[in-house]
């Protein structure tokens with residue numbers, strides 16, 4: 001991030017952040033610490049370097065960035081929960097501060113007065129670890145959770161938004177073989193930070209979490225590397241940790257009609273969601289060691305594609321249409337593509353034509369005492385209606401791949417339409 005320009009206005013603590021620090025048991029430091037926490041929420045919008053020039057992805061637009069944006073290589077995904085007793089005003093104030101900060105972060109600028117405040121007795125407005133790294137194509141995509149519309153703390157509608165709950169925004173059902181861990185699932189708010197540099201993505205989430213102090217708490221997050229899907233035809237198809245090409249048939253940014261049909265919410269949704277989407281995140285642990293002992297033939301039968309080239313087992317290159325009626329070249333009584341293969345069960349022809357825009361990442365969370373990797377796929381998909389994901393996931397009940405994977409985290413968020421200049425995130429939800 002580049003230094004903030006001289007002349008930025010002095011920053012003052014808000015009552016919300018001051019109370020947050022006091023409630024955290026640091027009353028003796030509240031005045032100074034709150035000033036720093038609030039400072040992180042006010043981005044400098046004056047002149048100065050944009051940070052990286054061509055590495056900047058515009059934050060403002062009809063749709064939120066980070067959906068059809070060419071998929072970057074790094075991810076830091078974070079889920080937040082609003083603190084007990086917070087109100088509609090607290091939520092609006094947080095979204096306003098996040099908007100201001102996100103506009104600066106994504107353009108490569110430091111937050112507030114930067115990492116060197118005029119008063120050395122105050123914490124810096126920006127944590128500083130991204131200085132000099134520029135924007136790195138950082139995108140920040142924000143979503144709101146279903147629980148924000150439900151009663152809590154004995155209040156029927158604490159944030160005054162239940163009347164604008166989209167009909168499609170229903171909690172995900174339980175799926176076969178789910179082994180979900182509560183501390184890696186759900187959240188009132190989510191932020192998807194993607195960038196070419198992992199430190200830029202981590203810096204963004206770190207500073208948004210600082211801004212949230214007193215209103216929302218970071219409850220879980222996930223680092224990802226090595227995108228597992230392409231979102232534009234200019235990108236090569238990547239591989240997942242099983243070594244297979246992933247997301248060959250993904251909805252691409254060039255497919256305008258497909259985006260309108262499968263990704264962007266339309267007139268069926270409330271105005272605040274027109275041009276928005278629904279984000280599903282699933283943390284899928286892979287039993288790497290077991291998979292690595294399977295034969296190549298077995299691996300290809302499970303996936304339904306060749307491992308090296310990525311073509312369907314019915315023949316052709318990676319982008320050839322799968323022929324589910326083709327017979328196996330050796331055992332002509334059997335289909336070339338197994339009836340329970342991942343390719344067949346997830347294919348649009350097996351799901352009434354449904355397509356998802358996938359934007360997942362590989363992850364490794366270290367290893368256990370047996371030397372087994374805690375690794376897998378952090379699956380992310382965007383769809384016009386969560387029911388589309390539900391349909392595909394239910395189709396995978398008999399997937400041969402289920403022997404080698406465990407779904408351990410899950411979440412669903414409504415991603416509002418893009419932010420216009422002068423607006424704040426999800427503003428139409430509150431007006």
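Examine segment 213-223 for a residue that is surrounded by 22 or more Cβ atoms within 10 Å (Cβ to Cβ), more than 21 Å from residue 418 (Cα to Cα), touching a residue at least 12 places away in the same chain (Cβ under 8 Å) and touching a strand residue (DSSP E or B) at 6+ places or on another chain (Cβ under 9 Å), and state whether such a residue exists.
yes
Which residues, counting only those in segment 371-415, are part of a loop (DSSP other than H, G, I, E, B) and over 30 Å from residue 166 (Cα atoms)?
Residues satisfying the conditions are 371, 372, 399.
Exactly one condition in (1) touching a helix residue (DSSP H, G or I) at 6+ places or on another chain (Cβ under 6 Å); (2) surrounded by 19 or more Cβ atoms within 10 Å (Cβ to Cβ) is not met by residue 245; state its number.
Against the list (1) touching a helix residue (DSSP H, G or I) at 6+ places or on another chain (Cβ under 6 Å); (2) surrounded by 19 or more Cβ atoms within 10 Å (Cβ to Cβ), residue 245 comes up short only on (1).
Does any residue of segment 75-88 turn out to be within 30 Å of residue 240 (Cα to Cα), surrounded by fewer than 19 Cβ atoms within 10 Å (Cβ to Cβ) and modelled with pLDDT of 95 or more?
no
Of all residues in segment 158-197 being surrounded by 19 or more Cβ atoms within 10 Å (Cβ to Cβ) and under 19 Å from residue 59 (Cα atoms), which is nearest to the chain's Cα centre (by Cα)?
Per the stated criteria, the residue is 192.
I'm trying to understand the selection: among the residues of segment 224-241, which are crowded, with 21+ Cβ neighbours inside 10 Å and either part of a loop (DSSP other than H, G, I, E, B) or touching a helix residue (DSSP H, G or I) at 6+ places or on another chain (Cβ under 6 Å) (or both)?
Answer for segment 224-241, where residues must be crowded, with 21+ Cβ neighbours inside 10 Å and either part of a loop (DSSP other than H, G, I, E, B) or touching a helix residue (DSSP H, G or I) at 6+ places or on another chain (Cβ under 6 Å) (or both): 228, 229, 230, 231, 240.
What number of residues within segment 323-370 are exposed (fewer than 12 other Cβ atoms within 10 Å of the Cβ), in a loop (DSSP other than H, G, I, E, B) and within 29 Å of the chain's Cα centre (by Cα)?
Number of matching residues: 3.
Among 314, 295, which is the only one that is surrounded by fewer than 17 Cβ atoms within 10 Å (Cβ to Cβ), more than 19 Å from the chain's Cα centre (by Cα), more than 30 Å from residue 417 (Cα to Cα) and modelled with pLDDT of 95 or more?
Only one candidate passes the filter, namely 295.
Name every residue in segment 223-263 that is under 15 Å from the mean Cα position of the chain (by Cα) and over 21 Å from residue 389 (Cα atoms), in order of residue number.
223, 224, 225, 226
For segment 131-157, which positions are on the phi < 0 side of the Ramachandran plot, part of a loop (DSSP other than H, G, I, E, B), in contact with a helix residue (DSSP H, G or I) (Cβ under 7 Å, 6 or more places away or on another chain) and modelled with pLDDT of 95 or more?
135, 138
Being buried (at least 24 other Cβ atoms within 10 Å of the Cβ) and in contact with a helix residue (DSSP H, G or I) (Cβ under 9 Å, 6 or more places away or on another chain) is the filter here, so list the residues in segment 371-381 that pass it.
The answer is 376, 381.
What is the number of the single condition among (1) in contact (Cβ under 8 Å) with a residue 12 or more places away in the chain; (2) over 16 Å from residue 70 (Cβ atoms); (3) part of a loop (DSSP other than H, G, I, E, B) that residue 278 does not meet?
Looking at each condition in turn, residue 278 falls short on (3).
Can you pull out every residue in segment 288-306 that is in contact with a strand residue (DSSP E or B) (Cβ under 7 Å, 6 or more places away or on another chain) and either under 22 Å from residue 225 (Cβ atoms) or in contact (Cβ under 8 Å) with a residue 60 or more places away in the chain (or both)?
288, 305
For residue 256, only one of the following conditions fails: (1) touching a helix residue (DSSP H, G or I) at 6+ places or on another chain (Cβ under 9 Å); (2) surrounded by fewer than 20 Cβ atoms within 10 Å (Cβ to Cβ); (3) within 25 Å of residue 320 (Cβ to Cβ). What is its number?
(1)
Scan segment 109-127 for residues that are at positive phi and in contact with a helix residue (DSSP H, G or I) (Cβ under 7 Å, 6 or more places away or on another chain) and jot them down.
112
Select from segment 307-331 the residues that are out of contact with any strand residue (DSSP E or B) (no Cβ under 8 Å at 6 or more places or on another chain) and closer than 10 Å to residue 244 by Cα and list them in ascending order.
Listed by number, the residues that qualify are 307, 308, 309.
The values are calculated or read from the model by the stated rules, or taken from the named source; none is laboratory data. Values in this document were obtained by computation on a predicted structure and should not be read as measured data. Because the Cβ atoms are built from the backbone with ideal geometry, glycine has one as well, and the counts that use them run over all protein chains shown.
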